[in-house]
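**Q** Okay, handing you the structure first.
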Amino acid sequence: MESQVNREGPSQPERREQERVSAEAVCPTKKELLYQISGTASGKKQLTRYDFEAALAALDSGDAPEYWRSLEELAGTKEFQEQLHREFPKGASEWLDPVSRRGFLKLMGASVALAGLTGCIRQPLEPIVPYVRQPENQVLGKPMFYATAMTLSGYGRPLLVRSNEGRPSKIEGNPEHPVSMGGSDIFSQASVLDLYDPDRLQTMIYEGEIRTWPSFLGGVRGQIAAQQAVQGAGLRILTETVASPTLAAQIRGVLQRFPGAKWYQWDPVNRDNVRAGAQMAFGQFVHTQYRLTDADVIVSLDANFLSPEFPGFTKYAREFSSRRRPETNPAARPFTTANYTALPDRPINRFYSIESTPTNTGAKADHHIPVRFSDVEKYARILASAVGVNAGGGNANSDLDGKVLAAAVKDLQAHRGTSVVIAGEQQPPIVHALAHAMNEALGNVGKTVFYTEPVEANPTDQMAGLKELVSDMWVGKVDMIVITALILSTMRRST
């Protein structure tokens with residue numbers, strides 16, 4: 001029997017004693033803190049409403065509770081015992097109302113149950129009509145698709161919009177358009193969110209108050225009549241880059257009615273350098289297009305032509321990737337569409353990138369030369385002089401750069417008519433003019449480079465126009481200015 005007890009472990013009193021000793025060992029600071037509270041440095045004892053002496057005596061005698069949460073519980077004062085007996089704060093146990101607490105809970109439970117029964121009443125059957133006059137060809141649950149386009153920096157992007165019950169929900173590229181071929185970009189995908197923007201203007205507002213369309217017309221008529229007397233000398237129109245023939249015709253109609261009025265265009269990220277480079281090379285504005293499917297050698301002068309900001313990005317991305325496939329069998333290449341047939345057995349193109357900022361386009365280059373922004377023009381002059389353009393020439397910044405440039409010149413000369421030089425839109429006009437001259441000297445015009453009429457309805461130097469507008473406003477020449485919503489949205493977001 002004795003061995004059996006030893007195997008079972010210590011008795012209950014012994015176990016309590018072990019727990020008490022372990023508790024004191026775990027939290028010795030509680031006991032020390034209590035001694036610090038009861039005595040001060042001067043040797044006098046400071047007694048509060050807690051019986052510290054009794055607490056100390058309990059700790060010394062071992063009669064204190066094993067675990068305690070407050071000094072009141074440790075001391076075991078009369079006030080603590082009374083509060084523990086009452087369980088709730090003072091006054092909670094005094095219920096003077098004749099209705100007991102249990103009766104109150106019964107009444108509240110019955111009230112909640114009766115309130116819930118009202119939702120179980122069977123409502124009368126009524127027909128649900130989604131449309132009083134259902135739109136033509138509209139079937140609930142079946143989406144409809146609309147071909148449309150959006151503009152970015154004046155260039156249209158063909159899109160296919162999915163609409164569910166009249167609400168646009170998804171945007172993709174138009175697969176039947178030769179430019180997008182079903183491809184889209186981040187700006188097109190995000191444009192559908194503008195339709196559900198809570199800050200989107202839904203009513204006319206004048207000085208913070210909602211106005212109606214007749215009130216707007218009434219306020220504008222007086223300004224228009226004043227401008228007719230001076231032939232619109234104080235009228236200015238500020239828009240984004242306009243490529244719509246309809247909108248351009250309407251603006252020109254206003255300018256014919258008011259000969260003194262002026263029309264300005266502005267985009268925060270515009271193509272002023274591109275237009276100025278074309279003006280320098282050809283004496284007029286032109287739009288440059290590339291055919292990368294026929295380009296065996298591509299030289300980029302800080303041109304991020306695989307970026308969504310570049311006009312024709314989706315087309316160039318498809319054409320560039322079509323010449324980067326390692327398959328030698330044309331039948332094995334998946335790039336076959338209604339507009340692009342399987343490419344013949346051509347080698348992979350070679351891509352030289354000279355750029356001042358790391359881009360996704362430069363990351364795909366076979367030979368990459370990182371330079372400062374100001375050095376791009378110098379490298380462009382070196383290439384132009386090597387291919388037969390009188391550009392002044394120069395020396396590269398390093399021997400390695402010189403070797404890469406020499407290899408690029410050799411490839412360009414070996415692939416006359418099947419190469420292309422692309423200048424970055426942010427580069428100064430001289431770089432664009434040098435790129436045009438190199439493509440002309442290499443015989444690429446009409447093969448991999450094509451020039452067309454400008455896409456913009458009124459191509460101008462936007463920065464110079466904006467400066468002129470601000471100058472006229474400062475001297476008081478502007479009495480009335482009409483700004484399109486897109487310009488206002490850009491200004492609001494920038495501030």
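The values are calculated or read from the model by the stated rules, or taken from the named source; none is laboratory data. If you're wondering where the values come from, they're calculated on a predicted model, not measured in any experiment. We place every Cβ from the backbone using ideal geometry, glycine too, and count neighbours over all the protein chains shown.
**Q** Only one of these conditions is not met by Glu240: (1) surrounded by fewer than 14 Cβ atoms within 10 Å (Cβ to Cβ); (2) touching a Gly at 6+ places or on another chain (Cβ under 9 Å). Which number is it?
**A** Exception for Glu240: condition (1).
**Q** Sort through Gly156, Gly173, Gly183, Gly232 and tell me the only one that's under 17 Å from Pro308 (Cβ atoms), touching a Phe, Trp or Tyr at 6+ places or on another chain (Cβ under 9 Å) and surrounded by 15 or more Cβ atoms within 10 Å (Cβ to Cβ).
**A** Gly183
**Q** Could you tell me whether any residue of region 284-299 is touching a Gly at 6+ places or on another chain (Cβ under 8 Å) and modelled with pLDDT under 90?
**A** No, that holds for no residue.
**Q** Still on this structure: If you check Ala338 against the conditions, is it over 24 Å from Val404 (Cβ atoms), modelled with pLDDT under 85 and assigned to a helix (DSSP H, G or I)?
**A** No, not satisfied.
**Q** Taking Phe313 as meeting all but one of (1) modelled with pLDDT of 90 or more; (2) touching an Asp or Glu at 6+ places or on another chain (Cβ under 7 Å); (3) hydrophobic (A, V, I, L, M, F, W, C), write down the number of the exception.
**A** Every condition holds for Phe313 apart from (1).
**Q** For the structure I just gave you, tell me whether Gly393 is under 24 Å from Gly277 (Cα atoms) and either among the aliphatic types (A, V, I, L, M) or in contact (Cβ under 8 Å) with a residue 24 or more places away in the chain (or both).
**A** no
**Q** Cβ contacts < 9 Å: first residue more than 21 Å from Phe450 (Cα to Cα), restricted to region 403-425; second residue modelled with pLDDT of 90 or more and surrounded by fewer than 18 Cβ atoms within 10 Å (Cβ to Cβ), any location; separation 6+ or different chain. Result?
**A** Val404/His367; Val404/His368; Ala407/His367; Ala408/His367
**Q** Follow-up. When you scan region 217-225, do you find a residue that is part of a loop (DSSP other than H, G, I, E, B) and either crowded, with 16+ Cβ neighbours inside 10 Å or modelled with pLDDT under 85 (or both), even just one?
**A** Taking every residue of region 217-225 in turn, none turns out to be part of a loop (DSSP other than H, G, I, E, B) and either crowded, with 16+ Cβ neighbours inside 10 Å or modelled with pLDDT under 85 (or both).
**Q** Then there is this: Does Leu201 satisfy being surrounded by 14 or more Cβ atoms within 10 Å (Cβ to Cβ), of a type outside the set (S, T, N, Q), within 30 Å of the chain's Cα centre (by Cα) and outside any helix (DSSP H, G or I)?
**A** Judged against the criteria, Leu201 is not a match.
**Q** Do we find a residue being touching a strand residue (DSSP E or B) at 6+ places or on another chain (Cβ under 7 Å) and of a type in the set (D, E, K, R) anywhere in region 238-253?
**A** Looking through region 238-253, at least one residue is touching a strand residue (DSSP E or B) at 6+ places or on another chain (Cβ under 7 Å) and of a type in the set (D, E, K, R).
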